[in-house]
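S.K.: Below is the structure I would like to discuss, written out as structure tokens.
Derivation of every value follows stated rules applied to the coordinates shown; laboratory data play no part. These numbers were taken from a predicted model, which means no experiment stands behind them. Because the Cβ atoms are built from the backbone with ideal geometry, glycine has one as well, and the counts that use them run over all protein chains shown.
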Amino acid sequence: MKKIAIYPGTFDPFTYGHLDLVRRSLRTFDEVIIAVAPSLKKQPLFTIEERFAMIENSLRGYKRVRIEAFEGLLVDYVRKKKGIAIIRGLRAVSDFEYELQMALMNRRLNQQIETVFLMPSEEYSFLTATIVKEISSLGGPVKDLVPKPVEKELMKKFGSCA
Ligand SMILES: Nc1ncnc2c1ncn2[C@@H]1O[C@H](COP(=O)(O)OP(=O)(O)OP(=O)(O)O)[C@@H](O)[C@H]1O
Ligand SMILES: [Mg+2]
């Protein structure tokens, strides 16, 4: 049976840290579904359609990756997609407490679904979508932090950078 993993997040916008995790997931799972959450509470910079399109354009050629928008309870969504695992990333210690809380709560909601934590390459260990937006809004370069299609959209939002 195909091993499907769900990688949920806000992806506002998709960064090389996210891409690093997708690639690592593909080594263990047959298929990865990137599940883009609206996350309206976070007041995203990009609409869900924009975020979706940027991921799509960044992952051309990745045949085992699907991108979907998702709403509602994550474990229900995972079950509907016949997923066996939720992928989450652990950067520096800061992610740990929140991620542990989420993973244990999701396990309580559905015992069959395992949360799998992946560590990014060291160079992306401190990379967040928030930092990317901050740098870009101040006119700084984000070339080494996000895929080209994302860089282009950021430049449209904030004007060109050096
Ligand atoms: N550089 C990275 N390395 C490892 N995991 C990451 C990285 N960036 C994001 N992730 C993980 O991807 C998942 C989805 O992240 P999310 O969409 O919140 O991105 P983010 O970069 O944390 O953005 P924000 O700054 O808005 O919180 C989370 O599990 C997060 O820990
Ligand atoms: Mg985050």
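S.K.: Amide H neighbours of residue 34 under 5 Å, at least 5 residues apart or on other chains, H built in the peptide plane: list them.
M.R.: 7, 66, 67, 68
S.K.: Return one number: the angle in degrees, 0 to 90 and rounded to the nearest 10, between the long axis of the Cα atoms of helix 148-158 and the longest principal axis of the Cα atoms of the chain.
M.R.: Roughly 60 degrees between the two axes.
S.K.: I've got another one for you. Restricting to lysines 8 or more places apart or on different chains, can you count the pairs in region 1-91 with Cα atoms under 18 Å from each other?
M.R.: So the count works out to 9.
S.K.: Please state the charge dipole magnitude for region 4-125, taken about the Cα centre, from unit charges on C-beta atoms (+1 on K and R, -1 on D and E), reported in debye and rounded to the nearest 20.
M.R.: Charge dipole, region 4-125, about its Cα centre: 400 debye, nearest 20.
S.K.: Separate question: If each DSSP helix of 4+ residues adds -39,500 (n - 2.57) and the sum is divided by the residues in the chain, what number results at 222 nm, nearest 500 deg cm²/dmol?
M.R.: Dividing the helical sum by the residues of the chain leaves -12000 deg cm²/dmol.
S.K.: Same structure, new question: Evaluate the relative contact order of region 1-94 (contact order divided by residue number), counting alpha-carbon pairs under 8 angstrom at least 6 apart; express in whole percent.
M.R.: 39 percent
S.K.: Using the Cβ atoms and a cut-off under 14 Å, what net charge is assigned to the surroundings of residue 92, where Lys and Arg are +1 and Asp and Glu are -1?
M.R.: Summing Lys/Arg as +1 and Asp/Glu as -1 gives -4.
S.K.: Choose one answer from 139, 61, 83: the residue with the largest mean-square fluctuation in a GNM of the chain with alpha-carbon springs under 10 Å.
M.R.: Answer for the Gaussian network model of the chain: 61.
S.K.: Restricting to Cα pairs below 8 Å that are 6+ residues apart, what does the relative contact order work out to for the chain? Please round to a whole percent.
M.R.: 28 percent
S.K.: Run the reach check for residue 148 against lysines, Cα to Cα strictly under 18 Å, same-chain hits fewer than 8 apart removed. What comes back?
M.R.: 133, 156, 157
S.K.: Work out the charge dipole of the chain with +1 on the Cβ of Lys and Arg and -1 on the Cβ of Asp and Glu about the Cα centre, then indicate which of 21, 83, 118 is farthest towards its positive end.
M.R.: Looking along the dipole axis, the top candidate is 83.
S.K.: Which ³J(HN,Hα) values in Hz, rounded to whole numbers, follow from the phi angles of region 123-133 under the Karplus curve 6.51 cos²θ - 1.76 cosθ + 1.60, where θ = phi - 60° and Gly and Pro get x?
M.R.: Ordered by residue, 3J(HN,Hα) equals 5, 10, 5, 10, 8, 10, 4, 4, 5, 4, 5 Hz.
S.K.: Listed highest first by mean packing, meaning other Cβ atoms within 10 Å per residue, what order do 65-72, 8-15, 50-57 come in?
M.R.: Ranked from most to least packed, the peptides come out as 8-15, 50-57, 65-72.
S.K.: Over all pairs of distinct alpha carbons, what does the Kirkwood formula give as the hydrodynamic radius of the chain, in Å?
M.R.: Hydrodynamic radius (Kirkwood, Cα pairs) of the chain is 16.2 Å.
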